[in-house]
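Structure, as structure tokens:
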Amino acid sequence: MRKSSKHKSERRRIFGEKGSIRSYVWMYFIVFTVFILVLIWLFQYIFLDNYYRNAKVRDITSAANQIIDAYDTPLQEKTNRMLAFNNNFCIVITDEMGNVEICENNLGAYSYLSSDILNNNGMALFRLRTELIKSDESYSTQVLKNSNFESREILYCTKIYADNADEQAYLFIESSIEPIDSTVNIIREQLIYITIILFELAFIITMFISKRVTKPIDEITKTAKRFGAGDYDVQFEGKGYREIEELSEVLNNAKNEIRKVSDLRKDLIANISHDLRTPLTMVKAYAEMIRDLSGDNPVKRNEHIQVIIDEADRLSNLVNNLLELSKLESGNIELNIKNFSIVEKLNDCMTRYQLVIEQNGYDIKYEPDEDRIISADPDKLDQVIYNFINNAINYTGENKVIRVKQINLENAVRVEVTDNGKGISKELLPKVFDRYYRDAKVKRDVVGTGLGLSICKEILKCHKFAFGVQSEEGKGSTFWFEAPYMKPHMENHTAQKLESKLTYSKNQDDEK
């Protein structure tokens, strides 16, 4: 580890810390420019001769094809003379025995082929022809230095096949492959100026591009630092590039979500503090009353102890609800899925509110539809229904009318709980299921811990049931969920299984 840290420190000392985007853009652009210039210089200084030679061979081959096409035709002499003049060629055609048939020399008296024919009886032609015969190529070439011109020349040899000729002939072409020195020198001198200009332009353009690219990123970075310091009113703005604009949009969305979480955390702490402080104050006050006043009075003492017990139960419910909500949100809770009648479930829930109806004058009624069998965790679904009804009780109007409706849809059973309270504004509807969220215009719950709707949301999400709320200010609210029901053939199958179990149980009892 120490050795690795030492190497990292050494690299930082040599190369410095991580560079900015501007420095990387500048470096990459300069490297690209250097690469282009090196490529140009390589072609001009190292590969120029080979390139020129290959280009010359292509030109000679093209001329040779024209000569072969015109061989032994009326255009033969004109074609040979024109090609020799235009390209500075020496063109020689011999028969199969090496006898010269045609010679067009535009290189003058110091032509290598011309000198070979006059002085050496065509020995160079013979060697080139022999090399061609031995090879499998369509032509052969030889590069040599002409001592008369102090220049390099290429000798080209190929066979001539003519339909109207009596025997095969051979074509020889001599051409200089030495580039024109003055032209090459001019090109290379221009290359030096081009290199200097390109380096200067690269530096200027790189500085402009890097500044333009990094400016919106720098702005976003400054805004992010202010946001990190706790300023949630900042606005990320990225202009000029699609990617920067998308990044700004994502950051603004993230900022809004973090702001919501921060506000929710503050509300959560404030509400929990309030809900804990009230029962704790009551517990302390009544404990002091028992100590100081009612300790010797059994009747008063029992009343005060019951208050302490009730407040302790309230604290316990709050803690249990927080723990349950935490489990639901983390996914660490297992559902006990069963098939049951939705009508029986709702009727059972309604019986528990009979005392509330009789003592407090609430008008709570259940409007059923045709019975359906659904699959869910009965206990968890009880929590949802109770919380919806309790929420309606807390927020209903003065006439205290609450309706629980069952509506059978095509593939699901919709359960609605409607009150006739003040309703919820449209902008607050998406927040009603948030933990501890309350509209400042609405009184606090008189029943429960304030976590009921959050628990409902998580339970319904675990069941993958659709749910929501509909409300209009001044006309009340409707909380609902939809539970998919079993198809008729599935219900029959379930009923048959239940009947077989009952029959089996009865037979077992008879045997006993």
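The values are calculated or read from the model by the stated rules, or taken from the named source; none is laboratory data. Quick caveat, the model's predicted, so the values are computed rather than measured. No Cβ is skipped: glycine too gets one built from the backbone with ideal geometry, and neighbour counts run over all protein chains shown. With ligands, DNA and RNA removed, areas are computed over all heavy atoms of the protein, side chains included. Shrake-Rupley method; radii C 1.70, N 1.55, O 1.52, S 1.80 Å.
On the basis of the beta-carbon distance and an R0 of 60 Å, Asn99 and Leu48 show a calculated FRET efficiency of 0.95. In this view, the solvent-accessible surface of Lys461, computed with a 1.4 Å probe and all protein chains in place, comes to about 110 Å².
Ile205 to Asn320: extension gain in nm, 0.36 nm per residue of separation minus the Cα-Cα distance?
34.8 nm
Calculated FRET efficiency, Met350 and Met486, Cβ-Cβ r, R0 25 Å, to nearest 0.05? Once rounded, the FRET efficiency stands at 0.60. Since only Ile67, Cys90, Ala55 are under comparison, the one whose Cα sits farthest along the positive direction of the charge dipole of the stretch 18-142, derived from C-beta charges on Lys, Arg, Asp and Glu, is Ala55. Projecting label points 7 angstrom from Cα along Cα→Cβ for Glu334 and Val38 puts them 6.6 nm apart. Site pair Leu280 and Tyr232 shows an inter-label distance of 2.5 nm when each label is modelled 7 Å from Cα along Cα→Cβ. Rounded to whole numbers, the Karplus 3J(HN,Hα) couplings from phi for the stretch 198-205 are 4, 4, 5, 5, 4, 5, 5, 5 Hz, using 6.51 cos²θ - 1.76 cosθ + 1.60 with θ = phi - 60°, and x at Gly and Pro.
Phi angles of the stretch 401-418 translate, via the Karplus equation with coefficients 6.51, -1.76, 1.60 and θ = phi - 60°, into HN-Hα couplings of 9, 9, 10, 10, 10, 10, 10, 7, 8, 5, 10, 8, 9, 9, 10, 10, 10, 10 Hz per residue; Gly and Pro are given as x. Under a 5 Å amide H cut-off, with hydrogens placed 1.01 Å from N, Gly122 pairs with Ile117 among residues at least 5 apart or on other chains. Here the contact order of the stretch 336-401, divided by its residue count and restricted to Cα pairs under 8 Å and six or more residues apart, works out to 48 percent. Taking amide H as placed 1.01 Å from N in the peptide plane, the amide H of Ala466 sits under 5 Å from that of Glu482, each at least 5 places away or on another chain. What the Cβ-Cβ distance of Glu472 and Asp263 gives, at R0 = 22 Å and to the nearest 0.05, is a FRET efficiency of 0.30.
Distance between the pseudo-spin-label points of Asn86 and Lys464 (7 Å out from Cα toward the beta carbon): 8.0 nm. Solvent-accessible area assigned to carbon and sulfur over the stretch 336-419 amounts to 44 percent, based on a 1.4 Å probe. Among Lys338/Lys464; Lys78/Lys134; Lys225/Lys255; Lys78/Lys159; Lys239/Lys266; Lys255/Lys431, which pairs are too far apart, with a Cα-Cα distance over 24 Å? Beyond 24 Å: Lys78/Lys134; Lys239/Lys266.
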